[in-house]
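The structure appears right after this line, and notes come after that.
The values are calculated or read from the model by the stated rules, or taken from the named source; none is laboratory data. Computed from a prediction, not measured in an experiment: that's the story for all the values here. Cβ coordinates were reconstructed from backbone atoms using ideal geometry, including for glycine residues, and neighbour counts include every protein chain displayed. Accessible surface areas use protein heavy atoms only, side chains included; no ligands, DNA or RNA. Shrake-Rupley method; radii C 1.70, N 1.55, O 1.52, S 1.80 Å.
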Amino acid sequence: MGKNNKKRGDFMNNFTYDIGTKIHFGTDALDYIGEEAKKYADKILLTYGGGSIKKNGVYDKVIKELEGAGIEVFELSGIQPNPRIDSVREGVRILKENGIGAILAVGGGSTIDASKFMAAGACADFDPWKFISEKRPMSPAIPLLSVLTMAATGSEMDCGGVITNPETKEKLSSGHADTRPKVSFLNPELTYTVSKFQTAAGSADILSHIFETYFNIDGTMFMLDRIMEALMKTVIKYGPIAIKDPENYEARANLMWASSWAINDFISDSSQAAWTVHPIEHELSAFYDITHGLGLAILTPRWMEYCLSEKTVHKFVDLGVNVFDLDKDQEPMEIARQTIEKVKKFFFEDLGLDSNLRKVGIDERHFDEMSKKACGKAGVKKGFIDLRPEDVKKIYEMCLED
């Protein structure tokens, strides 16, 4: 993973980059499960969600590969979207009681994220929520492998995870290099059955991951900015195609690979700015269990409008000219405003996502509490611009109407 040594205002970072995840990509990706898993353990905990993998044949393929390699398989199903700490606790119990040495997570970001906490919890002598509540390091951890069934969070190639505690209405993140998957198996065909809505929400999530790094007032690397713009153009091109033609392999493959590279630390080593839209959205998910990508889509253009100023306009100009092909000879503020409209069009017209919070049944009753939680104990979220609770509340309020 990247290790930043940059002082604010310097041109670029010093960093060490070690991705640590082996990828098998393509239609034969799952053929390698048995031989890869056997390198790590003779007992595997198979984790997955609601059971769709049993309908589409993925479960049978995974079991065949694992058992064919002589691996004893234990199972934990029912991991929910916005994964709960209760699932983590149950996974840790199974791992410890049976002396299981590794985990194979089959699913999207929710299953993989929950499994990261299980992997660390298997080596801990305390409740896994303390990784969040007491900021205990998620290290050491048993090996984690993943089979990706939805392109969105990039969890298959990063070290972080997000977990929800319904009792405290908290959705927070943690992670460590030890929880980054050792091997991930990516077959774009497995995403053919992902619904139009989830494909749209996943595309919004990928794009948001790139935005969080791209919108950075510190010195950055020209090369990485241009790569981020290529990733954004990939999502903008192929998200709508995948929605209209779910079995378009080219579209699904491009989205899946863009998802991984949007958040595997490669592009982020040029940035010091903290992520801000994601923490704001996590409060929506914690209080209302809204789909993460949908929440990000609703929030992002309002956050952009709130951040736009003479100091920040240059990043909007770069985005508008290099990604949306806007006329570079216009006034910078005009380009910026057109850029934000392009972002809205992509989320709400091209992807067809709901355009405001009221449309998904959310009003302002919890905004004060959500805004304070989003800013954390420090009372400020230092990102592209600094945001305090009163700023976050205004952004939430902007999201109530089109």
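With a simple spin-label model that places each label point 7 Å from the Cα along the Cα-to-Cβ direction, the separation between residue 312 and residue 223 comes to 2.9 nm. Here is the list for the range 211-318: trypsin sites (Lys or Arg not before Pro) lying in DSSP coil, each with at most 13 other C-beta atoms within 10 angstrom of its C-beta, are 311.
At 0.890 mPa s and 25 °C, plugging the Kirkwood radius over alpha-carbon pairs of the chain into Stokes-Einstein gives what diffusion coefficient in µm²/s?
For the chosen part, D equals 114 µm²/s.
Taking 165, 264, 98 as the candidate residues, the one with maximal mean-square fluctuation in a Gaussian network model of the chain, Cα springs under 10 Å, is 98.
How high is the FRET efficiency between residue 350 and residue 97 when r is their beta carbon distance and R₀ equals 51 Å, given to the nearest 0.05?
0.60
Extension gain for residue 169-residue 35 works out to 44.2 nm (0.36 nm per residue, less the C-alpha to C-alpha distance). Extension gain, residue 358-residue 338: 0.36 nm per intervening residue step, less the Cα-Cα distance, totals 4.7 nm.
If R0 equals 22 Å, the separation of the Cβ atoms of residue 73 and residue 193 corresponds to a calculated FRET efficiency of about 0.40. If the cut-off is a Cα-Cα distance under 15 Å, which aspartates and glutamates reach residue 116, setting aside same-chain residues fewer than 8 apart in sequence? Result set, ordered by chain and number: 86, 90, 127, 156, 158, 178. Each of 298, 326, 146 was scored by the projection of its Cα onto the charge dipole of the chain, and the greatest displacement toward the positive side belongs to 146; charges sit on the C-beta of Lys, Arg, Asp and Glu. Ligands, DNA and RNA left out, the accessible area of the range 39-109 computed with a 1.4 Å probe is 44% carbon and sulfur. Packing, taken as the mean count of other beta carbons within 10 Å per residue, orders the peptides 326-337, 105-116 from highest to lowest as 105-116, 326-337.
What the range 283-364 shows is 41 Å² of accessible area per residue, with the surface traced by a 1.4 Å probe over protein heavy atoms. Multiplying the residue separation of residue 123 and residue 368 by 0.36 nm and subtracting their alpha-carbon distance yields 84.4 nm. Label-to-label distance for residue 230 and residue 60 is 4.0 nm, based on points extended 7 Å past Cα in the beta-carbon direction. Every helix of 4 or more DSSP H residues in the chain counts as -39500 (n - 2.57), and over all residues that averages to -13500 deg cm²/dmol at 222 nm.
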